[in-house]
Structure formats: structure tokens, C-alpha cells
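The values are calculated or read from the model by the stated rules, or taken from the named source; none is laboratory data. Just so we're clear, the structure is a prediction, and the values are computed from it rather than from any experiment. Here the Cβ is made from the backbone with ideal geometry for all residues, glycine too, and neighbour counts use every protein chain on show. Surface accessibility is based on the protein's heavy atoms, side chains included, excluding ligands, DNA and RNA. Shrake-Rupley method; radii C 1.70, N 1.55, O 1.52, S 1.80 Å.
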Amino acid sequence: MKRRLSCFIILNLFVPFILVAQQDFYNINSVQEIRLTFKEQNWKHILDSLFDAAGDEGRLPGDVTINGQFIKDVGVRYKGYSSWNQDEIKNPFNIELDYSMKNRNYQGYTKIKLSNVIHDPSFVREVLGYEIARKYMPASRANFANLYVNDTLIGLYTNVESVDKKFVTDHFGSGDRAFFKGEPVKLVYPFGENANLAYTHGTDSSGYIPFYKIESDVGWRKLLTLISRLDQGADSVEPVLNTDRTLWMHALNFVILNLDSYIGYSQNYYLCEDINGRFNPIPWDLNMSFGSFRNSDGSTHFTGISIPQEKVLNPLEHLTFCVSPRPLMVKLFSSDTHRKKFIAHMRTIIDENIRNDAYYTRGVTICNLIDPYVKNDTNKFYSYEDYVKNIDTTVGGTGEMILYPGLKNLMTARMAYLDHYDGFSGAPVISNIIHFPEYPEKGKEVWITAKISRASAATLEYRNRTGDVFTKTPMIDDGEHQDGISGDGICGARIIPSGNTFQYYIYAENDSAGMFSPERAEYEYYTIQPVIGKGEVAINEIRATNTSSGAADENIGSWMELCNNSTEDLLLKGMSLSDDPAQLSKWPFPDTIIKAKSYLIAWMARYEPVTGMYTNFSLYETGGKLFLSNALGSVIDSLTYGPMVPVRSFGRYPNGYGSFAFMDPSFSMYNNPGTMIGSDFLIYPNPAHNRLYIEMETGEKPLEARIFNINGKLLISNGLSWNAQVRELSHSFDITALAAGTYAIQVICNDKVETKKFIVY
């Protein structure tokens, strides 16, 4: 009985789309163009009325065109507290792109927030503040946008990335965890507690609802746990609060004098829960940073603070007096170590942004970019002359315009004051950090040592997975921690890596000051990568052609694709590719990173490369071998491949770990299932001795059958006889020359392939 088999066709269904080259919406080097269109000619009156009556809840439908891309039926409202004024033309906007249709977005963003620059003659405070913040913690991106409404220019706005579910997913891995904004329903000042995280509204979470805006579906119990733990002290709150991230936020606010924050009125921050159940603060609304907000410091200057007082503002003043409780500062600053870490973070921000004039250079660069747009903004709140001057000197003080300190004047004085503040000088010095062995293995000990001077204590803080909480272990100078001799200033610590990455930093302190290495820790850290093992990085797909083209083209070139199966970015330095088992290090990888759950392409050709990553050996259409070795010279993956099929690649399915099959090429992408000619064809007898028969019935003409040994070497290749009337194939092979053993027969039908094993006895 013959088994019937038909070649099949895989259909790809395409949805038409136009690919438009777009610049990043928050690229600081370009000014965005946003055009709102409302049917209502009295749109401003409607928006004013909605915002006055409904606040965040009322929106006016309209259309928007963003850099030429039209989006219909968005929801628009005004935003802000002190920045909105119904008597002004240039009010701040909140544009909800998915207002009428779920998931509608621009470059993945569903909400656009435009600030009207009402409290900043320089125009750069908000954008510059966020740029500094992003060096030390997750913070919004920001640039500028020219806004038109019904084809009338309203003015130049700052365009600030919304802290929403997309933001927290990008930075914390999920948008489904507890997520709050420190924003009271009614702001009470100067004596109001607002969103101060004080345990003063009872033991039920309902008492805290008026002071915090929930951005997640659930989470009130978790917020109450944070508040109650914070009330108990720094040690108690550690499991539910990222204290280091909190210290960074406080350090930023006190250095750049962003008092319209937790410092002044206890508002303008977010709290997002991470995978470890800890809340992480996220700064918000930096439009009044660099001394623009002077209504209150939440302490001795609670009714107002002058520019001279700002310059010498004591960053620990709340330990002495708070106009209302400030536990997020007081409880943390009460810890001697946290206080030193806070001051160390301030020192880093000063050194990396103020002392070297980096903030000023960036400010001038930004001003040069936006200068023509500021000139054309007839609705701006200050004169063009004030705009030009305010990057350097104080402007204002006439009429209703308050004094706005010049950024240069303010920061120069601020740095001079902090340089003489306790803890800014005399910090420990950390240098000569090394680890050994050079290529550590998971589960085996690794020693980390450093030269540390002027320190009374030092700790190594480490983790085995990105995003985990850092664990502390002391670094000791006793001659027993691979640290040389006791008292030589070399400190050591022993750890056992257990993951695909090992991340660490060092903290040292003395009686007055602390120091981190790297100085941006915990946001930045050192990384040791344990040797990559089998299954963690795999040969995922190959394509071999005999083209002589020197172009790096996935359709005509020969290439090999690696897949990183792990959840960590992995460094390939020390690893090698080869086609020769006697020379496994034939082509060492350069200092290259393969992203987590991602791919890396190496072009397999002997010719001199023009661009891209090229090996010094080739893949062959007739078949061959490929070996992937780790830094210790151990083979962690290998492939023996036979003759290649035209226009097909040879890859794993399931992607990253499955068996190899011929398939449609998926260059640097998830592999598709192998395309076979069907589920079966008949070969007999099996085991065979002198002759092997093959039979099948197919709708297309089979082209060729090939027989390989177990090493993939091609032994026999025959065209197939095919009966056109009955669409039936019958063929036999003389196998008398084959030695006893296991073989494979491969049938090619157009560009589809199927392989079966058989035995010769």
C-alpha cells in the first residue's frame, strides 16, 4: 500500500503599512511639531471650563497631527496646578492618544504632556533637570515641541515623557504592580501634610486615599505597609522601599534646588513597586528646578525662601525642624550610613554636572537649539532678553514677575556652599578593583579585592540577577581574604556567583563621609560574567551560499545567528567560533554583547569585510561543521550540517534549543517552523542491504534525493523519476557501496525538504 503525501504551501498574510522614518519623539536635538484641531471655535473656553470643574476627568475630543502623522479623536485637557490660568493663552496640555480607541499611540506613547514654561525664563530648567536625573535613576525624557491649535501657533512647550504603565514597564519590567503618584486631591500649604507618607491618617488605607493618586488597579494595602514601615524607621522600611533610589532623589532635589517636590509641599513624585516588592520613587515636574520654586522648603523657610537662602540651603535641615512630618527624609537621614550615602550622592551630582560646568554647557547648547522658536513664541511669559540672560544671571522682580535666579550664578554659589558641608570632603578612596579568577564559573568561589584608604569599614554589595536586591558582605583587610597582608589597605571579599551575571559595587565610609565605586551606584555597578555554559548561548540558524559578493546582505550572504537564551545581556569576549575541532579558537569573538533573549549575526566569509562582524572562515553549501566555545575553551554548542537547500536556512525550532530543520530564513529574528514537504514518505526496506526504495504521491514535481552519513557527508545525490500523469514518484537507490550503519535520506520538493533515517546492514 502506498502512502500518499502532498507538498504544501505556507501562506503569509500581510497587512499593508507604510514605514516612515521618524526621529525619536523625545530626541533632545529636534523640536517636535504638534497640531491640535478642534471642531469647536471656542475650544479654549471649553477646556478652561472642563479643567476648572472636572480637573483630570474632563477632556475635549479633537484630532492631532504629530510630526506629520494624523491621529483622530484624541482626548485633550489642560493640566497643572500653578501653571494653568484661564486668563492665559499658553496653558499646559495633556493629550490622550488612546482616548477613543485602545492602544492608539505615537511611537508607542499613548499620552503627551506639554508644559508651558511659565516659571522658567531660561526655558531649559525642566529639560536639563531630567537629563541630569536620568544619570542616577529612572526619570522622564524631555525635549521641546511647537504647539499649534487650529493652525494658530500657541508657543514652544517642554514635551515631557509621561510616567505611566509604559514607563514603569520599560524601567521595572511590569506595569501591573502597585503604582502611585504623590498628588493630594487638594494641595494644602504651607502646613499641609499632602503626600508626605506620614503614618497620620489611621490604620486603614482609606484614610490615605485623598493624598495619593493610584495609577494601578490595586495597591492601597501595599502603600499603607510602606507608610507604616517607614514610621518604624530606616531598617524596617528597607524590604519595601528602595532606599538608595530614594536617597538619589533627595540628593538631586537638594543639589539643583528642586523644592516643588517632596521637600517643599510633599508632592510631585511617583512610587512604583518593582519585582522585589519594593517601592521606587520617580521624580516628576522639574519645571521649577534650579531655584524657580521658592514658596517653601518645608522647614524653617516654610513661608518662602529667598535666592540667597537657597544657595546655602541645608540638605539636612529637616532633621532639626519640619513644618509637617517628612518621614521619607527624616527616617532615612537618622541613619548614620544613609546620611553619608545621601551626601556622597550629592557630591557625585556636583562633581559630574556642576563642577565641570557640564550643566551649563548643555544649557547653552539647548538654548542655541530652541532660540528661533523662543523668538517666535509671542505667548511666552517673559521677554526674549530675559530668556537670553537667565542661563547666567537673575532676571525679573518687576510687576508680577518674581526673581528667577540665573542658573550659572545659582549653581556656582550652591557648589561653593556644599563643598564645605560636612561629609563632602575627607571621603574614602577606592581604587585598584580586581577579581580572580579572570573567568569565574557559577558555583565556584570568586575573590574581589580593592585598595581602600581613609575608611573605617567597607562593604561589597552584590546580586546574581539584574533587578534583584543587592546583598551586603564586608570587605576585610586581614590577610585572609586574598588581600595581601593584614593592614596593607587591600580589602577582599569572597562570593559564589550563581547566575548568568554577577553585579556589584563597593561602599566605604569613615566617621564623616562615604564613598561609592562606581560613584553612580546602585544605579550603575560593576559586572562579572560567569563563564557561559551549554544552552545559555546557542547556534540558532545558519545560511550558506557560494556568492562572492562582499556585501553584508541577509539574502545573498552566508551568516550564522547566535541566540541568547538567558534573561541577561551576555558578553561574548573570550568565546570563539570554529569549523575545526582541532582549532576551536579559530575566530575569537570581539568585545561584543548579545542582548537577553536576542540574537547576534556573524557573517561567514573569507573576503575582507566592509561593515559588520565577519569571521575568518566560511560556511559551505556542501556541508560542514561549526563549533561554539566558551572562555575556558569548552565546546558549548556544535552543528554538523549537510548540503544546504537554495533560498533556505538551517535553524533550530523551537527557537534557541530545538532540533535543526530547513526553514524560511529569519535573520536576527525568532525562527519559523521548518518547511517540510509533508508528514511522511515511504522508504523500504528499512533496514536495507543492497537497494533502498522510495515512494510518494505529490502535487509538485520532486527534484532530488540525497543520502548522507551520520556526520552529514553527502554520499549519493540523484534526480527523481516522476510520473506526470498520476503525479507519482517511485525510485530506487543502489546502496551496495554503503557500509553497515545509520544514514539519512533527504527529499527536496521545490524549496521544501524532508529527511528520514534508515539503516544499512
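Miscellaneous remarks
- Looking across segment 498-515, the residues that are touching a residue at least 60 places away in the same chain (Cβ under 8 Å), buried (at least 20 other Cβ atoms within 10 Å of the Cβ) and under 23 Å from the mean Cα position of the chain (by Cα) come down to Asn500, Thr501, Phe502.
- Looking only at residues of segment 334-355 that are surrounded by fewer than 18 Cβ atoms within 10 Å (Cβ to Cβ) and of a type in the set (Ser, Thr, Tyr), we find that the one that is nearest to the chain's Cα centre (by Cα) is Thr337.
- Checked against (1) out of contact with any Asp or Glu (no Cβ under 7 Å at 6 or more places or on another chain); (2) of a type in the set (Val, Ile, Thr); (3) free of Cβ contacts under 8 Å to residues at least 24 places away in the same chain, Thr300 meets all criteria but (1).
- Checked against the criterion of being closer than 26 Å to Glu33 by Cβ, at pLDDT 95 or above, in contact with a His (Cβ under 9 Å, 6 or more places away or on another chain) and among the hydrophobic types (A, V, I, L, M, F, W, C), segment 345-359 contains not a single residue that satisfies it.
- Filtered residues of segment 732-761 (kept if open to solvent by less than 10 Å² (accessible area, probe 1.4 Å) and over 56 Å from the mean Cα position of the chain (by Cα)): Phe733, Ile735
- Condition check for Gly304: on the phi > 0 side of the Ramachandran plot and either of a type outside the set (Lys, Arg) or surrounded by 14 or more Cβ atoms within 10 Å (Cβ to Cβ) (or both): yes
- Matching residues in segment 37-57 - criterion: being at pLDDT 85 or above, over 10 Å from Tyr78 (Cα atoms), of a type outside the set (S, T, N, Q) and open to solvent by 80 Å² or more (accessible area, probe 1.4 Å): Lys39, His45, Ala53
- Residue in segment 679-699 that is modelled with pLDDT under 75, among the aromatic types (Phe, Trp, Tyr) and part of a loop (DSSP other than H, G, I, E, B) present: yes
- Residue that is in contact with a Phe, Trp or Tyr (Cβ under 8 Å, 6 or more places away or on another chain) and either modelled with pLDDT of 95 or more or within 23 Å of Tyr265 (Cα to Cα) (or both), where the choices are Asn85, Asn91: Asn91
- Condition check for Ile112: in contact (Cβ under 8 Å) with a residue 60 or more places away in the chain, open to solvent by 10 Å² or more (accessible area, probe 1.4 Å), closer than 23 Å to Arg77 by Cα and in contact with a Ser or Thr (Cβ under 9 Å, 6 or more places away or on another chain): no
- Segment 188-208: number of residues that are within 34 Å of the chain's Cα centre (by Cα), open to solvent by 20 Å² or more (accessible area, probe 1.4 Å) and closer than 27 Å to Leu114 by Cα: 0
- Residue within segment 246-255 that is under 20 Å from Pro325 (Cα atoms), modelled with pLDDT of 95 or more and of a type in the set (Ser, Thr, Tyr) present: yes
- Of Thr466, Thr393, Thr398, all but one fail to be within 31 Å of the chain's Cα centre (by Cα) and either touching a residue at least 24 places away in the same chain (Cβ under 8 Å) or not in a strand (DSSP E or B) (or both); the exception is Thr466.
- Failed criterion for Gly264 (all others in (1) closer than 17 Å to Glu183 by Cα; (2) surrounded by fewer than 24 Cβ atoms within 10 Å (Cβ to Cβ); (3) among the small types (Gly, Ala, Ser) hold): (2)
- Some residue of segment 550-563 being of a type outside the set (A, V, I, L, M), modelled with pLDDT of 95 or more, open to solvent by less than 30 Å² (accessible area, probe 1.4 Å) and more than 21 Å from Tyr641 (Cβ to Cβ): no
- Only one of Tyr212, Tyr148, Tyr157 that is in contact with a helix residue (DSSP H, G or I) (Cβ under 9 Å, 6 or more places away or on another chain), of a type in the set (Ser, Thr, Tyr) and either modelled with pLDDT of 95 or more or open to solvent by 20 Å² or more (accessible area, probe 1.4 Å) (or both): Tyr212
- Counted as qualifying within segment 225-318 are the helices (runs of 4 or more DSSP H) with 1 or more residues that are under 27 Å from the mean Cα position of the chain (by Cα) and under 27 Å from Met401 (Cβ atoms), namely 243-255.
- Complete set of residues in segment 77-109 that are in a loop (DSSP other than H, G, I, E, B), touching a residue at least 60 places away in the same chain (Cβ under 8 Å) and not polar (S, T, N, Q): Tyr81, Glu88, Ile89, Lys90, Pro92
- Each residue in segment 122-149 was checked for being assigned to a loop (DSSP other than H, G, I, E, B), more than 18 Å from Asn27 (Cβ to Cβ) and touching a Ser or Thr at 6+ places or on another chain (Cβ under 8 Å), and 1 pass.
- All of (1) touching an Asp or Glu at 6+ places or on another chain (Cβ under 7 Å); (2) over 22 Å from Ala142 (Cα atoms) hold for Lys408 with one exception: (2).
- Scanning segment 564-595 for residues that are open to solvent by 60 Å² or more (accessible area, probe 1.4 Å) and under 15 Å from Asn616 (Cα atoms) gives Gln583, Ser585, Pro588.
- Test: Glu445 is of a type outside the set (A, V, I, L, M, F, W, C), open to solvent by 70 Å² or more (accessible area, probe 1.4 Å) and closer than 30 Å to Pro121 by Cα: no
- Within segment 115-138, the set of residues being of a type in the set (A, V, I, L, M) and either more than 23 Å from Asn390 (Cβ to Cβ) or free of Cβ contacts under 8 Å to residues at least 60 places away in the same chain (or both) comprises Met137 only.
- Tallying residues that are touching a Gly at 6+ places or on another chain (Cβ under 8 Å), touching a residue at least 40 places away in the same chain (Cβ under 8 Å) and in a loop (DSSP other than H, G, I, E, B) within segment 559-601 yields 5.
- Scanning segment 307-333 for residues that are touching a residue at least 40 places away in the same chain (Cβ under 8 Å) and loosely packed, with under 14 Cβ neighbours inside 10 Å yields one hit, Val312.
- Scanning segment 370-398 for residues that are polar (S, T, N, Q) and open to solvent by less than 30 Å² (accessible area, probe 1.4 Å) gives a single hit, Asn390.
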